[in-house]
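Visitor: One structure follows; several queries about it will come next.
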Amino acid sequence: MSIPAGPPQGDAANNVEPRQRRTKVTPFRGVEVGIRGAQLRTTETDRLCKAGRGAGAGGMVELSPPARGFAARLIRWHQRHGRHDLPWQNTTDPYRVWLSEIMLQQTQVATVIPYYRRFLDRFPQLADLAAAPVEEVMALWSGLGYYARARNLHACARTVMTQHGGNFPRDPHVIAQLPGIGRSTANSIATFCFGAHAPILDGNVKRVLCRAFGIEGLAASSAVDKRLWALAAELMPARHGAVYNQAQMDLGAMICIRAKPSCDACPLNESCVAHSTGRTRELPTPKPRREIPQREATLLILQDGNRVLLETRPPTGIWGGLLSLPELPDGAEAREWAERRFGCHVSAVSPAALLVHAFTHFRLRITPLLLDVVPGHSAMEPGCQWLDLAETGKAALPAPIRSILDALPGNILGSRRLPE
Ligand code: SF4
């Protein structure tokens, strides 16, 4: 088996990055604030900046120099320069917030938006998602990558329905017990939807903190992770936590980006350790470079006129639960293996264009073989199905399989996603 069926791994086609959040902005005392275009008069943030103090979890505490006014500066920056109009902003509905949080993991905002809208069109409420078959959820997720997220999304919806009476729990510790939800995502949901006082620590926030405070060491190591969580908790302001968390996400996505951060436009530049010591390229400490292994797979396109044979992948692992082309075992001969396994007659075999797909931990070099077949009379194996090429646009296909089918001669409609 060349396409591993082990633990799910990422799909590097969807680059990790910007996470834009939303929240309804609660006005500061003495401030005229709208959800968009906030106008500041006198603010709590100004007072915090001038006092050189942070607000910490337990109230006002003395902070180290880079930490002084950290939250206040971020909040003030966000009021003027943050994003306030993404589709999942300006709501405290935990279903919508949770859905966007999961979709935004490892995936860019521009990629997420059409998927988010499509999901809400089909599943307007959490109960709709829970009631749907998982195959339909996988089909809607098709192309977004990291498919374990879709399986967990569905499992989480069902858990909320069966164990929480259809209401999303409010306590971040309880939220973190739900399928597919980690500590930072749980805190984010609790902050945005229920006004919890809970710090977040996603990839963007880690990058900002490592740079602003000169924290060295691999962010994934338990020692650095522990330190970052402690720092995140210390910096969390006593009030306006949702705006502050949103501001951190926006800064990491828009200003303190991985390559070439825009330090001149950053509200933290006066105290930032990485900026003042010229180490923005060294922080966060990069992971050691390693050789990306390449794996090979031969996939068979069994075509009978306008139909192709697809089979469901195992529920876990790469492309888990999605439809894929049958994979030729190592050392097998395509015609003989296909005729034996699928009880068909193969009239011709021809090569199709090679395709290389990048996953997080390896590259997969796919050799597709096109087999013209006449199906036999024996029953299909469980999990196998003939699908009309015109129908593949709605099927749960991973992106590389969709590309292979799109390139088939005569596939005029293609398996391309339907337009938004
Ligand atoms: S000053 Fe530059 S490196 Fe420091 S937090 Fe801002 S954008 Fe990031």
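Visitor: I need a count of the residues in region 118-152 that are at negative phi, outside any helix (DSSP H, G or I) and touching a strand residue (DSSP E or B) at 6+ places or on another chain (Cβ under 9 Å).
Guide: So the count comes out to 3.
Visitor: Return the residues of region 75-113 that are touching a residue at least 60 places away in the same chain (Cβ under 8 Å) and under 10 Å from the mean Cα position of the chain (by Cα); say none if nothing qualifies.
Guide: Ser100, Glu101, Ile102, Leu104, Gln105, Gln106, Thr107, Gln108, Val109, Thr111
Visitor: Then there's this: Considering (1) in a strand (DSSP E or B); (2) under 25 Å from the mean Cα position of the chain (by Cα), say which one Asp372 fails and leave the rest.
Guide: Answer for Asp372: the failing condition is (2).
Visitor: Output the residues belonging to region 364-406 that are within 30 Å of Glu291 (Cβ to Cβ) and among the polar types (S, T, N, Q).
Guide: Thr367, Ser403
Visitor: With (1) in contact (Cβ under 8 Å) with a residue 40 or more places away in the chain; (2) surrounded by fewer than 21 Cβ atoms within 10 Å (Cβ to Cβ); (3) assigned to a loop (DSSP other than H, G, I, E, B) as the list, and Cys256 as the residue in question, which single condition is left unmet?
Guide: (2)
Visitor: How many residues are part of a helix (DSSP H, G or I) and crowded, with 20+ Cβ neighbours inside 10 Å if we restrict to region 215-245?
Guide: The number of residues fulfilling the criteria is 9.
Visitor: Does Leu323 satisfy being crowded, with 21+ Cβ neighbours inside 10 Å, outside the structural domain of Val134 (by TED's automatic domain parsing) and away from the ligand (no atom under 16 Å from the Cβ)?
Guide: yes
Visitor: Going by the structure shown, is Lys206 over 16 Å from Ala71 (Cβ atoms), within 14 Å of the ligand (Cβ to nearest atom) and touching a residue at least 12 places away in the same chain (Cβ under 8 Å)?
Guide: Yes.
Visitor: Would you point out the residue of region 210-244, among those that are more than 20 Å from Thr285 (Cβ to Cβ) and within 16 Å of the ligand (Cβ to nearest atom), that is farthest from the chain's Cα centre (by Cα)?
Guide: Leu235
Visitor: Out of all the residues in region 84-117, which are buried (at least 18 other Cβ atoms within 10 Å of the Cβ) and part of a loop (DSSP other than H, G, I, E, B)?
Guide: Correct list: His84, Trp88, Gln89, Gln105, Gln106, Thr107.
Visitor: If we keep just the residues of region 261-277 that are within 6 Å of the ligand (Cβ to nearest atom) and not in a loop (DSSP other than H, G, I, E, B), which is surrounded by the most Cβ atoms within 10 Å (Cβ to Cβ)?
Guide: Among residues in region 261-277 that are within 6 Å of the ligand (Cβ to nearest atom) and not in a loop (DSSP other than H, G, I, E, B), the one surrounded by the most Cβ atoms within 10 Å (Cβ to Cβ) is Ala274.
Visitor: A follow-up question, please. Could you check how many residues of region 326-341 are under 20 Å from Arg402 (Cα atoms) and crowded, with 18+ Cβ neighbours inside 10 Å?
Guide: Total satisfying the criteria: 2.
Visitor: Of all residues in region 280-295, which are in contact with a Lys or Arg (Cβ under 8 Å, 6 or more places away or on another chain) and in a loop (DSSP other than H, G, I, E, B)?
Guide: Listed by number, the residues that qualify are Thr280, Leu283, Pro284, Ile292, Pro293.
Visitor: Does region 342-351 contain at least one residue that is under 37 Å from the mean Cα position of the chain (by Cα) and buried (at least 17 other Cβ atoms within 10 Å of the Cβ)?
Guide: Yes; the residues of region 342-351 include at least one that is under 37 Å from the mean Cα position of the chain (by Cα) and buried (at least 17 other Cβ atoms within 10 Å of the Cβ).
Visitor: Going by what's in this entry, would Gly305 be described as in contact with a His (Cβ under 9 Å, 6 or more places away or on another chain) and either under 20 Å from Asp202 (Cα atoms) or more than 16 Å from the ligand (Cβ to nearest atom) (or both)?
Guide: no
The values are calculated or read from the model by the stated rules, or taken from the named source; none is laboratory data. Source: prediction; values computed, not measured. No Cβ is skipped: glycine too gets one built from the backbone with ideal geometry, and neighbour counts run over all protein chains shown.
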